[in-house]
Amino acid sequence: MRTPLFVLIWAIVGVALYLVFEIFGNDYLFFAGYIVLQYIVLATAWNILGGYCGYVNFGSAGFFALGAYTGVFLYTVGQGVDDFGTDGFGALMHLIFPLPVPIIMVVGGIVAGLVGLGTGYLTLRLRGVFFAIATLALAVVLETLIINWPYVGGSRGAYIIPPSEIPIFGPYVQFLFALMIVLVIFSLTVARLIERSRLGYGFATIRDDELAAEACGVPTLRLKLVATTISGALMGMAGAPFPFYIGYVEPASAFNLSYAVNSIAMPMIGGTTSWIGPLVGAVLLGSLQQLATVTISSAVNLLIVGLLLIGFVIVAPNGIVGLFQDWWRKRSRKSGEAKP
């Protein structure tokens, strides 16, 4: 399937999903759907480094929070444009701000991507558990910096007041939902293009045997830097609309452990060797968590993640996609043997 057709199909699916939610007329569907879509982007972004390259990243929450606090920073600057007066610079500030959320998402992606590039350059010489610990330490360092930065609220957090409605879309959450659909399509397209390109083959050699890849002349460090940059940028873009969705951001919510845990668990449950694995895992796990939040409590979400992860590691270590592929190969083999 060619990329334009792939994008068109997912665009149709996204529009259909939006219209179905609109028909039901319940804003909660958009609130819950936004979270599931957000997890699709995070899982896909994690899989670019963790699944394709085999480098486990525990710092997903840090990159997500970078995007979120980029949004808070730009919102805070926009709120203070009246302080710049009416001279030429003040007029320029009024012309630029307030920035629309799509632009904030792009800026958040650039910031998180640059941090991913720098972090990768410092840590990608480490392997295995040492790299994982380094990425976890990154999230802790970033959270400490945010807690001590009063301009974006510091430890007390920051309030974001988005408009209640927006033209065409109506309630603001529907606008954010539509933006996240676009980001999901973009992230899936990027992951699929990587998987089917020379870049993806290079990532696969790193995952299978990095030392052998280096011996064969594969520029492993360069490829890993590309992976960390793309992965970080997508996570930052997923986090940028978060302040406008939730209305109040504090370090504990932006750097929540659930983002790191879900970003790892969803690709592993769905399957890490294909772009569709994180999608399947995020839809399954994200939907179960939203259902549990409504019917039981949000406190059981991590319990659900843990139980499903343990079950799939035992029953289907290659995830749902791997389980389906194994079944399909066995079926094809039996069909071939049955032919005379």
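The values are calculated or read from the model by the stated rules, or taken from the named source; none is laboratory data. All figures in this text were calculated on a predicted structure; none of them were measured in a lab. Backbone-built Cβ (ideal geometry, glycine too); neighbour counts: all protein chains shown.
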- Query: Out of (1) under 29 Å from Q325 (Cα atoms); (2) more than 16 Å from the chain's Cα centre (by Cα), what's the single condition that is false for V190?
  - Reply: (2)
- Task: Examine segment 253-268 for a residue that is surrounded by fewer than 16 Cβ atoms within 10 Å (Cβ to Cβ) and in a loop (DSSP other than H, G, I, E, B), and state whether such a residue exists.
- Result: yes
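Within segment 311-322, track down each residue that is among the hydrophobic types (A, V, I, L, M, F, W, C), part of a helix (DSSP H, G or I) and more than 17 Å from V283 (Cα to Cα).
Passing the criteria: V313, I314, V315.
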- Message: What are the pairs with Cβ atoms under 7 angstrom where one residue, in segment 290-307, is over 17 Å from L257 (Cβ atoms) and the other, located anywhere, is of a type outside the set (D, E, K, R) and not in a helix (DSSP H, G or I)? Sequence gap at least six, or different chains.
- Response: none
- Message: Could you check segment 283-299 and list, in sequence order, the residues that are in a helix (DSSP H, G or I) and among the small types (G, A, S)?
- Response: G286, S287, A292, S298, A299
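Per-residue answers, yes or no, for (1) farther than 19 Å from Y34 by Cα; (2) within 16 Å of the chain's Cα centre (by Cα); (3) hydrophobic (A, V, I, L, M, F, W, C):
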position: S231; (1), (2), (3): yes, yes, no
position: L234; (1), (2), (3): no, yes, yes
position: P251; (1), (2), (3): yes, no, no
position: W275; (1), (2), (3): yes, yes, yes
position: G281; (1), (2), (3): no, yes, no
position: L303; (1), (2), (3): yes, no, yes
position: I310; (1), (2), (3): yes, no, yes
position: I314; (1), (2), (3): yes, no, yes
- Contacts under 6 angstrom Cβ, first residue in segment 121-140 being in contact (Cβ under 8 Å) with a residue 40 or more places away in the chain, partner acidic (D, E) and in a helix (DSSP H, G or I), 6 or more apart: none
- Task: For residues that are crowded, with 19+ Cβ neighbours inside 10 Å and among the aliphatic types (A, V, I, L, M), scanning just segment 159-177, find the one that is nearest to A45 (Cα to Cα).
- Result: L176
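Looking only at segment 118-152, which residues are assigned to a loop (DSSP other than H, G, I, E, B) and modelled with pLDDT of 90 or more? Step through it out loud before you land on a result.
Initial filter on segment 118-152 (assigned to a loop (DSSP other than H, G, I, E, B)): 124-128, 148-149.
Residues satisfying the conditions are N148, W149.
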- Query: Since T228 meets every condition but one in (1) surrounded by fewer than 23 Cβ atoms within 10 Å (Cβ to Cβ); (2) within 25 Å of Y69 (Cβ to Cβ); (3) β-branched (V, I, T), which condition does it not meet?
  - Reply: (1)
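Can you confirm whether G62 is under 20 Å from I146 (Cβ atoms) and at pLDDT below 85? Spell out the reasoning first.
Values: under 20 Å from I146 (Cβ atoms): yes; at pLDDT below 85: no.
So G62 does not fit the description; no.
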- Message: Given the criterion surrounded by fewer than 17 Cβ atoms within 10 Å (Cβ to Cβ), over 22 Å from A43 (Cβ atoms) and polar (S, T, N, Q), identify the matching residue among S155, S197.
- Response: S155
- Message: Please count how many residues of segment 269-282 are buried (at least 23 other Cβ atoms within 10 Å of the Cβ) and part of a helix (DSSP H, G or I).
- Response: 7
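Which of the residues spanning segment 76-107 are assigned to a helix (DSSP H, G or I), touching a Leu at 6+ places or on another chain (Cβ under 8 Å) and modelled with pLDDT under 90? Break it down stepwise before answering.
Taking segment 76-107 and keeping what is assigned to a helix (DSSP H, G or I), we get 76-79, 81-84, 88-96, 101-107.
Of the ones still in play, those that are also touching a Leu at 6+ places or on another chain (Cβ under 8 Å) are 78, 101-102, 104-105, 107.
Once the filter is applied, which keeps residues that are assigned to a helix (DSSP H, G or I), touching a Leu at 6+ places or on another chain (Cβ under 8 Å) and modelled with pLDDT under 90, segment 76-107 yields only G78.
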